[in-house]
Amino acid sequence: MHALLELAKKRTVLFDGAMGTMLMAAGLKAGESPELWNIEKRSLVVDIHRKYFEVGSDVVHTNTFGGNAIKLADRGLSEKMEIINVLAAELAKEACPAGKFVAGDIGPTGKLIKPLGDLVLEEAEEAFLGQAQALVKGGADLISIETMFSLEEALAALRAAKRLGQVMVIAGLTFNRTKKGFFTMMGEGVNQAVSAFTEAGADVIATNCSLGSRDMIDLTKELRGATQKPILVQPNAGKPVTQKGVTSYQQAPAEFAQDGKEIKSFGADMIGGCCGTTPEFTRALAQMLGNLP
């Protein structure tokens, strides 16, 4: 069994918070590729990872959310896919203390799969395979598939990661709350997603983004009711507020941490943060959960 899964049997595993939020605070401009900073601003990326580890994170995600070749092609960076992902894993490992872990981050392509869009499913899977190979080559301890709004695309990424062999894979989707329950943007429900991920060999079932910590409490209940596998839950820092075209998150770390305690009580084995969260949120969550660094 993977060491991270062993740890999850002993206590709640704490993941990091947002990378994008930290990069924007450091000067990343709208429209810039965050992944390019793995090449151009290496020490800054290492420092962000280190900050998360210092406040109690057991796992950090690599700065590769948009690091697949299809997504990178939108900014003319597809030929840099391997170096971006290898470097990202190496930078996170540089900051990683003994006994901690680096998750190779795989996000969506940003395209719709045929027939709804132009993306061929097999091409998506090959793009995810290339990214996963580069992340593992750079030293990632596991693969984390996150912020997927399509079960079909998430499964393509999961199949790709599983093709690498004995690599631990977290498979996650982003759900929205509706009057009828929690569903992805493509209309897939919790039970459908969990069943598909389990059949495809996911080691951990996850959800992140879109929802704040209050809504994630109820989503955690549904996830736990649908599976006995380990669950990773990563809420946003409350609901986004947009003023004069600028989006921000207003939730306080203490409130987020209190909700995190409830998320744990309803069955989450692993907890982290998504949009708007920072090391202060991770620190508050670590203290609330008793995971003091």
Full extension between THR198 and ARG159 adds, at 0.36 nm per residue less the Cα distance, a length in nm of 12.9 nm
Quick calc, ALA254 & ALA25: beta-carbon distance into FRET formula, R0 22 Å, rounding 0.05, result 0.65
Please compute the net charge surrounding LEU119, taking Lys and Arg as +1 and Asp and Glu as -1 over other residues with Cβ under 12 Å from its Cβ.
-4
Per 0.36 nm of contour for each residue apart, how much would the distance between GLU54 and ASN191 grow if the chain were fully extended, relative to their Cα-Cα spacing?
45.7 nm
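Which of rounded, prolate or oblate describes the chain when judged by the alpha-carbon gyration tensor and an a/c cut-off of 1.5?
Rounded.
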With a 1.4 Å probe and all protein chains kept in place, how much accessible area does SER78 have, in Å² rounded to the nearest 10?
50 Å²
Just how large is the dipole of the chain about the Cα centre, in debye to the nearest 20, putting +1 at every Lys and Arg Cβ and -1 at every Asp and Glu Cβ?
620 debye
When the chain is treated as a GNM, springs tying every alpha-carbon pair under 10 Å, which of PRO115, PRO34, PRO240 comes out with the largest mean-square fluctuation?
PRO115
Normalise the Debye intensity by I(0) for region 1-63, one equal point scatterer per Cα, no solvent, then take log10 at q = 0.17, 0.22 Å⁻¹ and round to two decimals.
-0.64, -0.88
Treat region 2-145 as a sphere of radius equal to its Kirkwood radius over Cα pairs and apply Stokes-Einstein at 37 °C in a medium of 0.692 mPa s; give the translational diffusion coefficient in µm²/s, rounded to a whole number.
212 µm²/s
Suppose R0 equals 22 Å. What FRET efficiency, 1/(1 + (r/R0)^6) with r the Cβ-Cβ distance, do SER78 and ARG177 give to the nearest 0.05?
0.05
Residues in region 184-221 reached by a label modelled at LEU112 [backbone nitrogen below 13 Å; 7 Å Cα→Cβ]
185-187
In the Gaussian network model of the chain, springs joining C-alpha atoms below 10 Å, which of THR207, THR21, THR278 carries the largest mean-square fluctuation?
THR21
Probe 1.4 Å - accessible area at ARG163, Å² to nearest ten
120 Å²
Among ASP16, ASP118, ASP74, residue whose mean-square fluctuation peaks in a GNM of the chain (springs only between Cα atoms under 10 Å):
ASP118
SASA check, ARG224, accessible area w/ 1.4 Å probe, all protein chains in place, rounded to nearest 10 Å², comes out at 50 Å²
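The values are calculated or read from the model by the stated rules, or taken from the named source; none is laboratory data. Small disclaimer: the values here were computed from a predicted structure and weren't measured. When we count neighbours, we look across all protein chains shown, and the Cβ atoms used for this are built from the backbone with ideal geometry, even at glycine. Quick note on the areas: whole protein, heavy atoms, side chains included, nothing else; ligands and nucleic acids left out. Shrake-Rupley method; radii C 1.70, N 1.55, O 1.52, S 1.80 Å.
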